[in-house]
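Data block below; observations after.
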Amino acid sequence: MCTSRFRTFHRPLSRSSPTSSFRTRISKPEELQSWEVGCLTSTASSSSEGDRSTAKGSYYEADVTNLIDLEVNIPAGCFGAPFPPCGSGEAFGNFSRNVNVHDADLNGVEIEAQYESRYFYARANFATIDGKDVATGDYVGVLSPDMFFVDAGVKFPPADLRLGARVSIASDFTKVDDVTEERDGYSVGDIYAVWEPSAKALKGFRLNLGVDNVTDADYEVVAAGVSQPGRNFKAAVRWRKAF
């Protein structure tokens, strides 16, 4: 099944906390007119395995007035360095802030697929976005690299256990006007386990174990020179009980 739609969206100004270090220079609400075309397909098995799968893809174009854009500036060598000549804030040229772009054109593609059965599951998506300031031809700051993501795993119903892995793959990011702001592509993998017992005595209990960034990759998402966290071991317990 394929459809197309046109929509208008109005994004009001938000009130930021007076104690926040994030600055804003937006003075007008964002208004968006977009056109989108997409297709969706789904299947379901009548067998006891309960296989289900869906796939969808879309292409969109948007004309945005007063785009609430992101502007990030971190002087070379100053990430995480609070001492002079580095520091936090516009006085040091080290800031992240929202700004209005009067007229911007955006376009992108999104593709997603999912599969689930009694013993296996997988989902994957791909996204790419491009956009420029109409007046100057400069790239807008809300862009991101082409991203591919997959999350897959196996289920062990008798043990109420699920084991899985996630992989995020990003292309080199070159949609910038200053070559010093370009970022290398990256691949990051996580592994996890989820135990959610169905026994009546443990109903509502859930245990999550995982390792993020298994290979301890050094990669950048927000801005050039701003590394993301390295390998991280985590555990979380939740128990919801009604009385």
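The values are calculated or read from the model by the stated rules, or taken from the named source; none is laboratory data. Just so it is clear, the model here is predicted, and its values are computed rather than measured. In this analysis, Cβ positions are derived from the backbone assuming ideal geometry, glycine residues included, and neighbour counts consider all displayed protein chains. Calculation scope for accessible area: heavy atoms of the full protein, side chains included, ligands and nucleic acids excluded. Shrake-Rupley method; radii C 1.70, N 1.55, O 1.52, S 1.80 Å.
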Given a 1.4 Å probe, how much area per residue of region 117-237 is accessible, in Å²? 56
Over 22 Å between Cα atoms: which of K155/K203; K28/K132; K200/K234; K56/K155 fall into that group? K200/K234; K56/K155
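Evaluate the Kirkwood expression for the hydrodynamic radius of region 102-193, namely the inverse of the mean inverse distance over all pairs of different C-alpha atoms, and round to one decimal in Å.
Details: mean 1/r = 0.0642 Å⁻¹.
Computed over region 102-193, the radius equals 15.6 Å.
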Estimated D of region 185-243 in µm² per second, where Rh is the Kirkwood radius over Cα pairs and Stokes-Einstein applies at 4 °C, 1.567 mPa s: 94
Any trypsin sites (Lys or Arg not before Pro) in region 115-169 that lie in a DSSP loop and have at most 16 other Cβ atoms within 10 Å would be R118
